[in-house]
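Quick notes on the structure that follows.
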Amino acid sequence: MLRTLLGCSLALLPFTACDCDVEPLYAPPGAVSGVACLPESGAPAAGVVIELRLEGDDELHVVAEHDGTFLFDDVPAGSATVRLPGERGKRIEVRAGATTMVDDDACRALPEDASGSVVGRVCNRHVDEVVAGARVVILLPDQTELEDTTDTEGRFAFAEVPVGTHVLSVSASGFARAEEITVQDDEQTVVDVGGACAVGPPLELGGVRGRVCAPDGSGWLLDARASITPLGDDEIVAFTDAEGRFLLDGVPAGPQTLVIEKGSFQSSRTVAIPPGDILELPEDECGLVPDELRIAVVRGSLYDHVEEVLDDVGIDPNDIDLYDGDWAERLLGADERVRDYRILFLNCRSAEASYLASPVMQDRLRAFVADGGSLHASDQAYDLIEVTWPERIDFYGDDLVRSAGDRGAIADALPAQLVYPPLASSFGRVDATLRYALETWSVMIDAAPDVVVYLRADSPLMGGTVVEDSPQIVGFEHGLGRIIYSSFHQEPGSHPDQLQLLRLLMFEL
């Protein structure tokens, strides 16, 4: 039995002690992936070459996609170094049969509205000529398109292009090009399409930022129009917010004419647009001082002097001409002198007899407004408005009886509501207080649907009744011009709210 077991043991011994030629285990390659970013901006490093250096100094290279992603396939397992933008090295261990992820510390979230500008010029280098009238399109990743057309110098410009890598294509008769562009936050990308022409470098863009206030420096003006029209290009326009601020971006660098407009008020100035930057205008230069503004004021009541309101907002008295009881004959006679002016103010109790009796004068006043003139009338000048535009405002009393609407009673502190949002924004609140210190002011009942009601209040009548929710200030358009009527005016004892509203109304004309 022992002999049998020993024989078996010896028989097994060669197998357990054998030194066979067995190959080592195979380590499959891995992969390396990540997102590379630009260290200066944190934006994806689109189109940048990413290097992977292996042990033994072997190198692999790939180009980052539009979103900064990159991928190395079939990478031997072991230690390696990834070279990121900005000459930054990151040591990694490549795992066999797995993907090793690379985190770039330079990546950081961009604002949702992050954008830059793109400018350039299109040239046909074969004939050394710029390509005018070419269609330039930037295709965004979401498949939306931005479009521009080259000007006579072959230039194009896009003011706000989302950050990232996009396709820019140009097409014209006998010419077509497409290429990738990379836009970085708050930076200008310059593109030379088709080769450089001898006509000069691509157009550089900048901008200008400022505020707009009344000529005397008080009161920010909402919805003032700021514009620049570059030579041979489209007008660039922005409107001021409730704090009078505006920004014009994407403006060709160099001297440009900045025009500010609010109603009949217009001023212009030359500004030097810096390339790739925004010009900040000093706040003490916010005043909308008109370049030229001729104003006619018709005297009326001893208590109504709109010229004093104009003086309050900084209008030069030399721009104002005063007229008396013969105003209609002088301004609306055969020579139509009214057309020498931009705005006509009719104070309360302006002498009216000759005008009310003359359809020809009424036609001339309508034509003055229709052609772009502005008209302001107050209180007991309402008959002039009623006879000239009878369908626009419903005044108290019989429309055929002169002064029938003059039934307003004394009101020491009348609560009122600003129902026109832009005026309320400029005023700073929606509630106001009115003070009618004298009896027989003109009362409105209502206005036509196309008439803007600025202010409403319950109007007390001399008979003791009240016209509820009565308009106090209204405005409407006629052709290219505008008419504003107010039941109150500047007079001794007026509430400060009324005076401020009258000042703001000057810029609605």
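Restricted to region 387-472, the set of strands (runs of 3 or more DSSP E) holding at least 2 residues that are in contact with a His (Cβ under 8 Å, 6 or more places away or on another chain) comprises 431-436. Select from region 204-227 the residues that are within 20 Å of residue 188 (Cα to Cα) and not acidic (Asp, Glu) and list them in ascending order. Of everything in region 204-227, those that are within 20 Å of residue 188 (Cα to Cα) and not acidic (Asp, Glu) turn out to be 205, 206, 207, 208, 209.
Report whether or not residue 102 is β-branched (Val, Ile, Thr), surrounded by 15 or more Cβ atoms within 10 Å (Cβ to Cβ) and either out of contact with any Leu (no Cβ under 9 Å at 6 or more places or on another chain) or modelled with pLDDT of 85 or more (or both). For residue 102, the condition - β-branched (Val, Ile, Thr), surrounded by 15 or more Cβ atoms within 10 Å (Cβ to Cβ) and either out of contact with any Leu (no Cβ under 9 Å at 6 or more places or on another chain) or modelled with pLDDT of 85 or more (or both) - is met. Every condition in (1) surrounded by 17 or more Cβ atoms within 10 Å (Cβ to Cβ); (2) over 29 Å from residue 107 (Cα atoms); (3) over 25 Å from the mean Cα position of the chain (by Cα); (4) not acidic (Asp, Glu) holds for residue 171 except the one numbered (1). Exactly one residue out of 461, 438 is more than 29 Å from residue 260 (Cα to Cα), modelled with pLDDT of 90 or more and over 32 Å from the mean Cα position of the chain (by Cα): that is 461. Note on region 353-380: among residues that are touching a helix residue (DSSP H, G or I) at 6+ places or on another chain (Cβ under 8 Å), free of Cβ contacts under 8 Å to residues at least 40 places away in the same chain and not small (Gly, Ala, Ser), the one that is surrounded by the most Cβ atoms within 10 Å (Cβ to Cβ) is 365.
If you take the residues of region 341-397 that are acidic (Asp, Glu) and at pLDDT 85 or above, which of them is nearest to the chain's Cα centre (by Cα)?
Initial filter on region 341-397 (acidic (Asp, Glu)): 352, 363, 371, 379, 383, 386, 391, 394.
Imposing the further condition that a residue be at pLDDT 85 or above reduces the set to 363, 371, 383, 386, 391, 394.
Details: 363: 39, 371: 28, 383: 41, 386: 38, 391: 36, 394: 37 Å.
So, considering only residues that are acidic (Asp, Glu) and at pLDDT 85 or above, the one nearest to the chain's Cα centre (by Cα) is 371.
When residue 462 is tested against (1) of a type outside the set (Ser, Thr, Tyr); (2) more than 21 Å from residue 385 (Cα to Cα); (3) without any contact (Cβ under 8 Å) to a residue 40 or more places away in the chain, only condition (3) is not met.
The values are calculated or read from the model by the stated rules, or taken from the named source; none is laboratory data. Computed from a prediction, not measured in an experiment: that's the story for all the values here. Counting neighbours? That spans all protein chains shown, and the Cβs are built from the backbone with ideal geometry, glycine included.
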